[in-house]
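What follows is one structure encoded as structure tokens, with my remarks underneath.
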Amino acid sequence: MNELLNWLLTTVQSVDPLTRNLLAGLAIMLETSLFVGLVMPGDTVVLVAATGVANLPDFFFLLGAVLLGSLIGESLGFWIGRLFGEKIRYSKLGNKIGEKNWKMADAFIESRGGLAVAISRFLPVLHSLVPVVAGASTMRYRIFIRWTVAACAIWASAYVGVGYIAQASYEQIGANLKFGAVIFIAIILTFAIIVHFAKKRLEKAAIKMVETDKAAQFTGLEG
């Protein structure tokens with residue numbers, strides 16, 4: 001197993017750092033602005049790229065590229081929504097995404113505003129829809145980007161950090177052990193499990209927020 005992992009890490013590390021980091025930033029940019037993330041999750045690209053980090057300067061280079069890519073992608077999604085919101089929603093691609101998901105994004109933005117923008121960065125499907133929906137709404141860009149910066153900074157630090165820690169732990173400790181690759185796999189799997197359940201909890205919380213606000217609005221109308 002160590003031989004296979006050594007080959008994988010060597011392959012990633014053999015890629016020019018500038019190319020590797022820019023590709024990771026580009027993957028994240030496309031994920032939020034053009035719905036590519038619905039097919040190929042950008043977080044997987046970032047995690048793989050992080051295993052190729054050679055030192056701290058390279059770490060911060062990748063972190064900066066991913067953060068910048070996230071902000072550009074989110075901003076592009078916002079302005080696509082501002083200019084082409086209805087056309088995108090009722091296009092063939094929009095129909096494939098499903099009206100249910102669009103309505104959830106609508107309700108989330110309407111009820112929670114900037115907080116919805118921040119939370120959506122960590123949720124499947126919604127992370128690609130919310131920027132577009134926010135742009136199509138009355139939300140101002142400065143409010144959108146303020147919440148986006150905070151969410152993207154946390155997201156980027158988590159994914160780049162875990163990939164780097166897994167690779168560094170293996171090279172410093174695991175490479176000299178017979179089953180050292182298990183250390184690398186354990187770190188990645190633990191992170192994946194934590195992310196999975198965290199997303200589930202956030203998704204339930206988002207749905208509850210929307211339902212609570214709808215109930216409150218209905219009660220207000222009755223009163």
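At q = 0.12, 0.17 Å⁻¹, what log₁₀ I(q)/I(0) does a Debye calculation on the Cα points of the chain give, no solvent, two decimals?
Treating every Cα as an identical point scatterer, log10 I(q)/I(0) equals -0.68, -1.14.
Quick one: accessible area per residue over segment 1-155, 1.4 Å probe, rounded to a whole number of Å²?
49 Å²
Can you compute 3J(HN,Hα) from phi for each residue in segment 114-124, using the Karplus curve 6.51 cos²θ - 1.76 cosθ + 1.60 with θ = phi - 60°, rounded to whole Hz and x for Gly and Pro?
x, 4, 5, 4, 5, 5, 4, 4, 9, 10, x
Quote the FRET efficiency, to the nearest 0.05, computed for THR11 versus VAL195 with a Förster distance R0 of 22 Å and r equal to the Cβ-Cβ distance.
The calculated FRET efficiency here is 0.35.
Which percent of the accessible heavy-atom area of segment 47-163 goes to carbon and sulfur, probe 1.4 angstrom?
Result for segment 47-163: 69 percent of the exposed heavy-atom area is carbon or sulfur.
Per residue of the chain, what 222 nm ellipticity follows from adding -39500 (n - 2.57) for every DSSP H run with n ≥ 4, rounded to the nearest 500?
-28000 deg cm²/dmol
The values are calculated or read from the model by the stated rules, or taken from the named source; none is laboratory data. Model, not experiment: these values are computed from the prediction. For neighbour counting, all protein chains shown are included, and Cβ atoms are generated from backbone atoms with ideal geometry for every residue, glycine included. Areas reflect the complete protein model, heavy atoms only, side chains present, ligands, DNA and RNA absent. Shrake-Rupley method; radii C 1.70, N 1.55, O 1.52, S 1.80 Å.
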